[in-house]
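A short reminder: the numbers here are calculations on the coordinates, not readings from a lab. Here the structure is a predicted model, which is why all the values come from computation and not from measurement. In this analysis, Cβ positions are derived from the backbone assuming ideal geometry, glycine residues included, and neighbour counts consider all displayed protein chains.
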Amino acid sequence: MAKVASSMSVSLDGYVTGPNDSREHPLGEGGERLHRWLWGEDHTPADAEVIGEMVGAAGAVVMGRRSYDFCEGDGGWGDGGPVGDTPCFVVTHEPPATASPVFTFVTDGVASAIAKAKAVAGDDGWVGLHGATTAQQALAAGLVDEVQVHLIPVLMGAGVRLFDDIGGKPISLERTRVVETPQATHIRFRVVRD
Ligand SMILES: NC(=O)c1ccc[n+]([C@@H]2O[C@H](COP(=O)([O-])OP(=O)(O)OC[C@H]3O[C@@H](n4cnc5c(N)ncnc54)[C@H](OP(=O)(O)O)[C@@H]3O)[C@@H](O)[C@H]2O)c1
């Protein structure tokens, strides 16, 4: 059965965006700093290896509607999704009218989106979670196997918080790997289920 990983770039003070995220500024104002390791001039071979590993493992993606709205199409992912033509399941209360070969809109919640994503990801594939609210709901529901943080040496000060509401009780993690580069500390944690 496919596993589920939340994987996002986060500032030292816990933000996945700067302030005022929008279609014009998908990572908020000043938030592009968070993804410099992905495509900036300081991107290193070790960062590239982390990206290659994530892309190679991706069998499906689950994301929230805000992540979709700010990044789909021109100026964002272009014709595909965050991982090319890998299927993406978008949780939303109201699907857009447009049809897409990559995106499926899911209106009955995060657990349903994850189930649909797992069904297409294949036994060895991973389902990647994008969007803070969406990842938090999955964590609170006990549906996440791994938390990957790409910790960026910046204090963002404001924006969307990664772990704002995880259901009001502690979630134990076991750190399984750390890759350090000048732009990011890439940390993988296994979610420990009691
Ligand atoms: N730093 C990184 O690596 C990284 C990665 C991914 C995304 N981001 C950024 O993070 C921001 C988005 O995160 P976010 O937490 O604000 O939003 P999000 O999780 O992407 O989307 C939240 C939206 O999804 C819909 N939704 C969520 N749960 C739902 C449910 N159970 N049932 C139905 N619909 C549901 C709702 O939209 P509707 O009510 O409108 O349908 C909700 O407002 C964006 O700025 C994005 O660019 C950063």
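From the alpha carbon centroid of the stretch 138-162 to that of the stretch 77-94 is 20 Å.
Simple rule: put +1 on each Lys or Arg Cβ and -1 on each Asp or Glu Cβ in the stretch 3-191, find the dipole, and look at THR107, TYR68, SER9; the Cα lying farthest toward the positive end is THR107.
Charge dipole of the stretch 1-127 (Cα centre as origin; +1 on each Lys and Arg Cβ, -1 on each Asp and Glu Cβ, all else neutral): 440 debye, rounded to the nearest 20.
Can you give the relative contact order of the stretch 77-176 as a percent, counting alpha carbon pairs under 8 Å and 6+ residues apart? 20 percent.
Between the residues SER22, VAL192, ILE152, the greatest Cα displacement towards the positive end of the dipole of the chain, with unit charges on the Cβ of Lys, Arg, Asp and Glu, is found for VAL192.
Over the stretch 3-191, all Cα pairs binned in 10 Å intervals from 0 give whole-percent P(r) values of 10, 37, 41, 12, 0, listed from short to long.
Which order do peptides 124-135, 88-99, 53-64 fall in by mean Cβ count within 10 Å, highest first? Could the numbers behind the result be given before it?
Working: 124-135: 23.6, 88-99: 15.3, 53-64: 20.5.
Answer by packing, highest mean first, reads 124-135, 53-64, 88-99.
Only Cα pairs under 8 Å and at least 6 apart count here; give the relative contact order of the chain as a rounded whole percent.
This gives 32 percent for the chain.
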